[in-house]
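Each remark here refers to the structure printed beneath this line.
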Amino acid sequence: MRNRGWRWLWLLPALALLWLGSARLIEGWRIWPLVQYVHAAWWQGAAPAAPADLLATAPGRPDGRMWSAYGQVVLAAASGTADAEERRRLLERADRATRKALSLSPAQAATWARLSLIALNRGDRTTAVRALRRSLALAPNATNLVWPRAKLGLYLWAELDREGRAGVARDVRRLSRQAASAALPYPRQALERYAQAIGRQELVIRLARGGDGREG
C-alpha cells in the first residue's frame, strides 16, 4: 500500500506536465496563422491572409514575441481601414498589444519602433520619440529596421536629442547605400521620395554624405 501511495505522488506531476504540454501544443496550433502572416509580411512584403482575419488570434499566454506579432497584425488592420473611429479603436488595441509585448520582452528593438509608429499615429509624439530612441539604443546596427526608423526619425527630427539624431543619421546613411530587396526594391529612391514629401530633402542629403544634421 505504501508503494502504491508513492506511485500516485509521481503520477500527479507527470499528469500536470502532460496537461501543460498539451495546452502549449494547442496554443501553438491556434496562433499558427498569425505566425505565418507575420513571417510573410516580414520577408516577402505580402501576407497570405487579410489582417482582419487574424484579429481573433490574440495569444493566450504571456509570450512577448507573439504579442508583438499580434500588435503588428492589429496595426496593419488599422492602416487598412478608412473608418476613422474603427482606426482609432484598432490603434488603441495595437498599442495595448505592443505594450504587453514589451512588458514581457523589453529588449525587442523592432517592437519599440512599432510602438513609436503607433504613438505617432495616435498623436502622442512624446511616446513616439521615447520609443524610437529605445529602439535605436537596443539595436543601433539592425539593418532590417533602417527604413521604418529612418522614416520615424526624419519625421520626429525636431524633437530628438543629439543621441537620437545620431542614431537616425546612421540609419539614413545605411539606407542610402542599402542593396535592393523584395521588401524595398529601391532604397535610396524611397528615402528621397519620403524626404521630399515631408520637406527634409536637404537634411537627408547632409546625413547621407556623413553629416550629423545638427544644423537641421
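Side notes on the structure shown:
- Charge context of Ala113, other residues only, Cβ under 11 angstrom, K/R +1, D/E -1: +4
- Full extension of the chain segment joining Ile205 with Ala82 gains 40.8 nm, where the gain is 0.36 nm per residue of separation less the Cα-Cα distance.
- Pairs of alpha carbons in the stretch 79-133 whose separation is greater than 13 Å (percent): 57
- Full extension of the chain between Arg96 and Arg65 yields a length gain of 9.8 nm, computed as 0.36 nm times the residue separation minus the alpha carbon distance.
- Nitroxide proxy distance, nm - points 7 Å out along Cα→Cβ at Asn141 and Gln189: 3.1
- Each Lys or Arg adds one and each Asp or Glu subtracts one; over the other residues with Cβ under 11 Å from the Cβ of Asn141, this totals +1.
- Eigen-decomposition of the gyration tensor built on the alpha-carbon atoms of the stretch 121-216 gives equivalent ellipsoid semi-axes of 19, 15, 13 angstrom, largest listed first.
- Rg/Rg_ref, the stretch 48-183, where Rg_ref = 2.2 N^0.38 Å and atoms are Cα: 1.05
- Rounded to 0.05, the FRET efficiency of the Arg162 and Ala107 pair, given R0 = 25 Å and the Cβ-Cβ distance, is 0.60.
- Taking other residues whose beta carbon is less than 10 angstrom from the beta carbon of Ser176, and scoring Lys, Arg as +1 and Asp, Glu as -1, yields +3.
- Spin-label model, Arg89 to Ser181: label points 7 Å out along the Cα-to-beta-carbon direction sit 3.5 nm apart.
FYI, it's all coordinate maths here, none of it is from the lab. Note that the coordinates shown come from a computational prediction; the quantities given were computed from them, not determined experimentally. Note that we place each Cβ from the backbone using ideal geometry, even for glycine, and neighbour counts take in every protein chain shown.
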